[in-house]
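Quick notes on the structure that follows.
The values are calculated or read from the model by the stated rules, or taken from the named source; none is laboratory data. Given the structure is predicted, the values throughout are model-derived calculations rather than measurements. Don't worry about glycine lacking a Cβ; one is built from the backbone with ideal geometry, like all the others, and counts go over all protein chains shown. Keep in mind that these areas ignore ligands, DNA and RNA; they rest on the heavy atoms of the full protein, side chains included. Shrake-Rupley method; radii C 1.70, N 1.55, O 1.52, S 1.80 Å.
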Amino acid sequence: MVVNLSEQHSLISNWVSELRDTEVQQDRMRFRSNLERIAEVIGYEISKTMPWEEKEITTPLGISKCRVLAQQPVLATILRAGLAMHSGVLKYFDRADNAFISAYRKHNPDGSFDIHMEYMSCPEIENRIVIISDPMIATGSSLVKSIEFLKAEGAIKELHIVCAIACTVGIEYVTRAFPKATIWCGDVDDEITAKGYIVPGLGDAGDLAFGAKLQG
Ligand code: URA
């Protein structure tokens, strides 16, 4: 299932428009903070789908029967572009366990690229709800590889994918690999370049958030 949050007007559309804007992009802190804010709101939306339990809470004046999350999710992200969105989701699920995956595109001279996986730090994920942040779903190949990496550690109960902009081909690829996953995105674009950049997209999210890197 895909939830495109720009289908209903909300502040998400404003933040996505700022992410895309070459002038606003000059402000790296604002770029990161817009990714973070989008992820916070998506985290809140995801929380509505999660199981709750009743808990008696002692207030200074009595007992209140409150509803609280029945289970903490595992928040995962792919280094380095996913860090700002991860931080947004973590602000809301502030007791969650966290997983970090290092995956990167190794570009070949002909313009194609391969996805290299290097490292993962992962808590127990068996039968847990996993929320993975990746700001741009372009081809979807690094995301699918990263989730497969995670799934090798245990059977995931429910999978939520958080992104700022998803491309239709990437959505199709990810949905084919994980039909039960929910993709939550700030917006959807239809085009992708031969080098795997989304059009109109916003450019390289990792570079815009953290600065240009030396490696191709
Ligand atoms: N990753 C990015 O940062 N931007 C794209 O357009 C595609 C993948």
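Scanning the range 6-50 for residues that are within 26 Å of P179 (Cα to Cα) and either open to solvent by 40 Å² or more (accessible area, probe 1.4 Å) or touching a Cys at 6+ places or on another chain (Cβ under 7 Å) (or both) yields E7, Q8, V41, Y44, E45, K48, T49.
Considering only residues in the range 206-216 that are within 12 Å of the ligand (Cβ to nearest atom) and under 17 Å from I115 (Cα atoms), the one that is least open to solvent (accessible area, probe 1.4 Å) turns out to be G206. Of the residues V162, V89, V144, only one is among the hydrophobic types (A, V, I, L, M, F, W, C) and surrounded by fewer than 21 Cβ atoms within 10 Å (Cβ to Cβ); which? Result: V144 is the single residue among V162, V89, V144 that is among the hydrophobic types (A, V, I, L, M, F, W, C) and surrounded by fewer than 21 Cβ atoms within 10 Å (Cβ to Cβ). If only residues of the range 67-80 that are touching a Phe, Trp or Tyr at 6+ places or on another chain (Cβ under 9 Å) and more than 16 Å from the ligand (Cβ to nearest atom) are counted, the one that is nearest to K157 (Cα to Cα) is P73.
In this structure, is A76 buried (at least 17 other Cβ atoms within 10 Å of the Cβ) and closer than 23 Å to P179 by Cα? For A76, the condition - buried (at least 17 other Cβ atoms within 10 Å of the Cβ) and closer than 23 Å to P179 by Cα - is met.
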